[in-house]
Amino acid sequence: MQVSNLFRVRNKEIRALHLTWIAFFICFYVWFNMAPLASSMLASADWLTRDDLRLFAIANVALTIPARILVGMALDRWGPRRVFSVLMVAMSIPTFVFALGDTREQLFVARLVLSSVGASFVVGIHMTALWFKPRDIGFAEGFYAGWGNFGSAAAAMTIPTVALLVYGGPDGWRWAIATSGAIMALYGVFYWFAITDGPSRDSHKKPRKASALEVSSWRDLVLLCIFTVPMVGILSILVYRLQLMGYVDDLTAAICYGAIAVIVTYQVWLAIKVNVPILKQGVPADDRYPFSSVAALNLTYFANFGAELAVVSMLPMFFQETWGLSAVAAGMIASTFAFVNLFARPMGGLVSDRMGNRRFVMLAYMFGIGVGFVLMGLMDSQWPLVIAVAVTIGCSFFVQGAEGATFGIIPSIKRRVTGQIAGMAGAYGNVGAVFYLFIYMLVDPSTFFFIIAAGAFLSWLACLIWLQEPEGGFGDEYVLSSVDHAIAAEARQKREAEAALAGLFGGSNVALADRGQGLTLTANFTSLDELRGAIDRLGGKSRPAS
């Protein structure tokens, strides 16, 4: 795929790519629409404090982790078109509640629920994978994600202007946030009608079970259970942070810890429940895939996207205090870390496509991240500012490129469960952010950068040992197994059976659904006369009473 192809909007796959990154851009714009308006909120509402806003910032990422897991399951069951549209419309509701809330409790709950919009990332990853061939997927995914993540920077640059100049007054921030929510809801409705799940009806491959990720061996099941724990367990760090800052009492914290333990246990139980029958029956050789590759990519996203979110949060203050810059100058310099996203992430995917070896590209980028953060850890006031900025941009280049390379591999690992794999890797990005931000509370900036570098080198080692070059990663079509073909054949047979039953029932709305070990038939009739006619056609002798 060439960069020039992006302008060929008459091509269905290019049009789908643009429709999807715009949806992601809007979601991230809404997700990060609070921070730029913090001063306006404090000036408008005398019942708000800076500590309240810090609490809202924590809430703003809290549910993103479990939401990405659940959305990954929903994707494999219902497809990205429905999930993206419903997510955008549904998340507009807490956006409106936050905009119009007049108590701290309302704003906190609204922001907590709204944090689920961060799961939009994995929806677009899955949609893009349905539209593009394996040989082009790296650049397509990188372009999608690069522009989408830029939505947070766009919010910082534009939403204060909307609040102050377009609306004005003490409540301008409310109307600016509400407007962003309305735009998201309207685009969600538009997206439902504007796109399909891939170029054909059979593009979307459903897994046998959507409640947990399928694996291919008992060893992989153990590894899946291990990697399931941090995705929800990391929330205990957030609870601890809230407890430490005095926002929740000991009893509330204990209840939260207990709830987290229950959810973790349930997720592990689901993984066992789904996979034990499959493994006992035996997985065909052509349907197996290495979960170790998924584990390695979870760790790469922990180390690159997690580092990005954490570093962006502390970089302005680091430059301001180290080189004595003004807040504006430090913010502008620090913003270069995010702006690089526009070209570095698509380039990471493009390099992954062109090199012919996605594993090597992943290893190179992760090693570059480690070196970059080691250099940042060595920076101090003795360094010329221009050199420090160059090192920061160079490090960011590897961070964003590694993100693109990660999702250049994921769609080729196992087509049928792409949504769940993308959801797990995406969740690990937020796990990394929460972990690194917690570490930042305990150490100085230099040590913080060295710890991130250590995380990058550890993930590099995991890739070296676990990551395998995906089969068919540069082909014209994704590799499908005998199980994939059997599932597709069963789906076709089910549609044919529904059509035959609809004809037998006189055109009634008929649906077949899996229930346990069998099927449930649902038929809707507009009247008793229509039901009687269907019974007559079936050869029934008894009639329902009039």
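The values are calculated or read from the model by the stated rules, or taken from the named source; none is laboratory data. Quick caveat, the model's predicted, so the values are computed rather than measured. Note that each Cβ is placed from the backbone with ideal geometry, even for glycine, and that neighbours are counted across all protein chains shown. Ligands, DNA and RNA are excluded from the accessible area calculation, which covers all protein heavy atoms including side chains. Shrake-Rupley method; radii C 1.70, N 1.55, O 1.52, S 1.80 Å.
Quick check on my filter: what residues within region 420-435 are out of contact with any Gly (no Cβ under 6 Å at 6 or more places or on another chain) and of a type outside the set (A, V, I, L, M, F, W, C)?
Residues satisfying the conditions are GLY426, TYR428, ASN430.
Name the one entry in VAL262, VAL268, VAL248, VAL274 that is over 20 Å from LYS414 (Cβ atoms) and touching a residue at least 12 places away in the same chain (Cβ under 8 Å).
Details: VAL262 fails: touching a residue at least 12 places away in the same chain (Cβ under 8 Å); VAL248 fails: touching a residue at least 12 places away in the same chain (Cβ under 8 Å); VAL274 fails: over 20 Å from LYS414 (Cβ atoms).
After applying the criteria, what remains is VAL268.
Return the only residue of PHE84, PHE98 being open to solvent by less than 10 Å² (accessible area, probe 1.4 Å), part of a helix (DSSP H, G or I) and farther than 22 Å from ALA194 by Cβ. Before the answer, list the steps.
Numbers: PHE84 fails: farther than 22 Å from ALA194 by Cβ.
Exactly one residue qualifies, and that residue is PHE98.
Which of the residues belonging to region 170-188 are of a type in the set (A, V, I, L, M, F, W, C) and within 20 Å of the chain's Cα centre (by Cα)? Steps first, answer last, please.
Taking region 170-188 as the starting set, the residues that turn out to be of a type in the set (A, V, I, L, M, F, W, C) are 173, 175-178, 182-186.
Across region 170-188, the qualifying residues are MET184, ALA185.
Any residue that is of a type in the set (Ser, Thr, Tyr), open to solvent by less than 10 Å² (accessible area, probe 1.4 Å) and under 24 Å from the mean Cα position of the chain (by Cα) - is there at least one of those in region 147-154? It would help to see each step written out before you state the result.
From region 147-154, those of a type in the set (Ser, Thr, Tyr) are 152; that's our starting set.
Still in the list and also open to solvent by less than 10 Å² (accessible area, probe 1.4 Å): none.
No, every residue in region 147-154 fails to be of a type in the set (Ser, Thr, Tyr), open to solvent by less than 10 Å² (accessible area, probe 1.4 Å) and under 24 Å from the mean Cα position of the chain (by Cα).
GLY169 versus (1) on the phi > 0 side of the Ramachandran plot; (2) touching a Ser or Thr at 6+ places or on another chain (Cβ under 8 Å): which is the lone unmet condition?
Of everything listed in (1) on the phi > 0 side of the Ramachandran plot; (2) touching a Ser or Thr at 6+ places or on another chain (Cβ under 8 Å), GLY169 misses just condition (2).
Being under 30 Å from TYR167 (Cβ atoms), open to solvent by less than 60 Å² (accessible area, probe 1.4 Å) and among the aliphatic types (A, V, I, L, M) is the filter here, so list the residues in region 1-40 that pass it.
LEU19, ILE22, ALA23, ILE26, VAL30, MET34, LEU37, ALA38
Please go through (1) more than 19 Å from ARG77 (Cβ to Cβ); (2) at pLDDT 80 or above; (3) open to solvent by less than 60 Å² (accessible area, probe 1.4 Å) for LEU238 and return the number of the only condition it doesn't satisfy.
Only one criterion is unmet by LEU238, namely (2).
Taking LEU437, is it closer than 23 Å to PHE373 by Cα, open to solvent by 10 Å² or more (accessible area, probe 1.4 Å), modelled with pLDDT under 85 and assigned to a helix (DSSP H, G or I)?
Working: closer than 23 Å to PHE373 by Cα: yes; open to solvent by 10 Å² or more (accessible area, probe 1.4 Å): yes; modelled with pLDDT under 85: yes; assigned to a helix (DSSP H, G or I): yes.
Answer is yes for this residue.
Taking region 480-533, which residues are assigned to a strand (DSSP E or B), among the small types (Gly, Ala, Ser) and modelled with pLDDT of 75 or more? Lay out the reasoning, then the answer.
If we filter region 480-533 for residues that are assigned to a strand (DSSP E or B), which is where we start, we get 509-515, 518-524.
Now restrict to residues that are among the small types (Gly, Ala, Ser): 511, 513, 518, 523.
Passing the criteria: only ALA523.
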